[in-house]
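Some notes on the structure that comes next.
The values are calculated or read from the model by the stated rules, or taken from the named source; none is laboratory data. These numbers come from a predicted model, not from an experiment. Methodologically, a virtual Cβ is constructed for each residue, glycine included, from the backbone with ideal geometry; neighbour enumeration extends over all protein chains shown. When the accessible area is computed, the model is the full protein with side chains, heavy atoms only, and any ligands, DNA or RNA have been set aside. Shrake-Rupley method; radii C 1.70, N 1.55, O 1.52, S 1.80 Å.
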Amino acid sequence: MSSAAPRFAITKEHRGRERAGDRRKARIFQGLMFFSLAIGIITLAVLLIQVVVEGWPRLNMDLLTNFPSRRPARSGAQSAIMGTIWLMGIVMATAVPLGFGAAIYLEEYADPKRWYNRLIELNIQNLAAVPSIVYGILGLAFLARGPFGLGRTLLAGGLTLTLLVLPIVIISGREAIRAVPGSIRQAAFALGATKWQTVSRQVLPAAIPGMATGTILGLSRAIGETAPLILLGALTFVTFNPDGLTSQFTALPVQIFNWISRPQEEFKVLAAAAIVVLVVVLLAMNSVAIWLRNRYYQRPW
């Protein structure tokens, strides 16, 4: 008994030192994470402040109501703003149903033992990391030209951006569906619900917040893409608003690229103001999506 007591005390003291060391490591790791987060936030804030200060002289109604012009004092971005809104409308109308449908099929109906289902999953995961210029080449070869022959139209640009964000929407949708507890499905089946009733009335309402988050990320990437649109032949000088899916178009990223490449300092001020407008449009879209996500998240399930 006398020899066991000191051994127990030594073991307890050793465990206490290990726990103290673990807590110290956790605090150091947490501090490093906060430091990294602070660097990112401060850098973003500095960039935003710099852009706002530089573009402040042109942040007025003329920027929103005037069309592009060779005279910087009279130039605006109305056609680019309307083109961006049209493009995002096409992306939302196509990427959301296709992405959600693919996510539901792969998680709820697809047999993972089938070779074609495994091939689909492998391709989706690989496509999520493909550079945007590759999607531009794909859209140029098959949508603007090739079998579809849509030309330099809004529909070709919107569908190309849909291909760009579709893997993100599918992957995030699958993760959201996978996070729904299996007990929800089992309870629905026990009450006599069919597979589709369980998916549509129980699984989807619970997964919509996560699926909406993926949609926000996808649209945020699509709204700032320039390379695919330039490759598709998006115009850099458009003095009219789009009037349909087959209309020629431009977009805010393309217009910003055009202005920033001009030698005159006035066009660089215009580019900074257009960047602010692009950020505001993006925040407005994200705010609507976040509101919808929170609205569905508050529903009991």
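Residue selection: Ala271 satisfies the criterion of being of a type outside the set (Ser, Thr, Tyr) and open to solvent by less than 60 Å² (accessible area, probe 1.4 Å). Listed by first and then second residue, the pairs with beta-carbon distance under 7 Å, at least 6 apart or on different chains, first residue in the stretch 147-163 and part of a loop (DSSP other than H, G, I, E, B), second open to solvent by 50 Å² or more (accessible area, probe 1.4 Å), are Phe148/Phe142; Arg152/Gln248; Thr153/Leu245; Thr153/Thr246; Thr153/Gln248. Residues in the stretch 166-186 that are in contact (Cβ under 8 Å) with a residue 24 or more places away in the chain and of a type in the set (Ser, Thr, Tyr): Ser172 only.
For the stretch 119-153, how many residues are among the aromatic types (Phe, Trp, Tyr) and either surrounded by 18 or more Cβ atoms within 10 Å (Cβ to Cβ) or touching a strand residue (DSSP E or B) at 6+ places or on another chain (Cβ under 6 Å) (or both)? Full working, then the answer.
Residues of the stretch 119-153 among the aromatic types (Phe, Trp, Tyr): 135, 142, 148.
Subset that is either surrounded by 18 or more Cβ atoms within 10 Å (Cβ to Cβ) or touching a strand residue (DSSP E or B) at 6+ places or on another chain (Cβ under 6 Å) (or both): 135.
The qualifying residues number 1.
Looking at Ile49, Ile104, just one residue is open to solvent by 50 Å² or more (accessible area, probe 1.4 Å), more than 12 Å from Ala274 (Cα to Cα) and hydrophobic (A, V, I, L, M, F, W, C), and that residue is Ile49.
So Leu270 passes all but one of these: (1) out of contact with any helix residue (DSSP H, G or I) (no Cβ under 8 Å at 6 or more places or on another chain); (2) in a helix (DSSP H, G or I). Which condition number does it fail? So Leu270 meets the others, but not (1). Within the stretch 232-263, being modelled with pLDDT under 85, in a helix (DSSP H, G or I) and surrounded by fewer than 19 Cβ atoms within 10 Å (Cβ to Cβ) holds for no residue. Applying the selection to the stretch 52-83, what residues are open to solvent by 50 Å² or more (accessible area, probe 1.4 Å) and either touching a Pro at 6+ places or on another chain (Cβ under 6 Å) or of a type in the set (A, V, I, L, M) (or both)? Val52, Val53, Leu59, Met61, Leu64, Ala73, Met82, listed by residue number.
Within the stretch 177-200, is there a residue that is under 30 Å from Leu143 (Cβ atoms), at pLDDT below 90, outside any helix (DSSP H, G or I) and not aliphatic (A, V, I, L, M)? Checked the stretch 177-200: no residue is under 30 Å from Leu143 (Cβ atoms), at pLDDT below 90, outside any helix (DSSP H, G or I) and not aliphatic (A, V, I, L, M). Among the residues making up the stretch 206-223, those that are more than 9 Å from the chain's Cα centre (by Cα), open to solvent by less than 40 Å² (accessible area, probe 1.4 Å) and touching a residue at least 40 places away in the same chain (Cβ under 8 Å) are Ala206, Pro209, Met211, Ala212. For the stretch 223-272, give me each residue that is of a type in the set (Phe, Trp, Tyr) and within 17 Å of Thr153 (Cα to Cα). If the condition is that a residue be of a type in the set (Phe, Trp, Tyr) and within 17 Å of Thr153 (Cα to Cα), then Phe237, Phe240, Phe249 are the ones that fit.
Do we have any residue at all in the stretch 187-205 that's within 13 Å of Phe100 (Cα to Cα), in contact (Cβ under 8 Å) with a residue 40 or more places away in the chain and either open to solvent by 50 Å² or more (accessible area, probe 1.4 Å) or under 22 Å from the mean Cα position of the chain (by Cα) (or both)? Yes, there is a match, as at least one residue in the stretch 187-205 is within 13 Å of Phe100 (Cα to Cα), in contact (Cβ under 8 Å) with a residue 40 or more places away in the chain and either open to solvent by 50 Å² or more (accessible area, probe 1.4 Å) or under 22 Å from the mean Cα position of the chain (by Cα) (or both). Total residues in the stretch 84-101 satisfying the condition of being under 15 Å from Glu225 (Cβ atoms) and open to solvent by less than 30 Å² (accessible area, probe 1.4 Å): the figure is 6.
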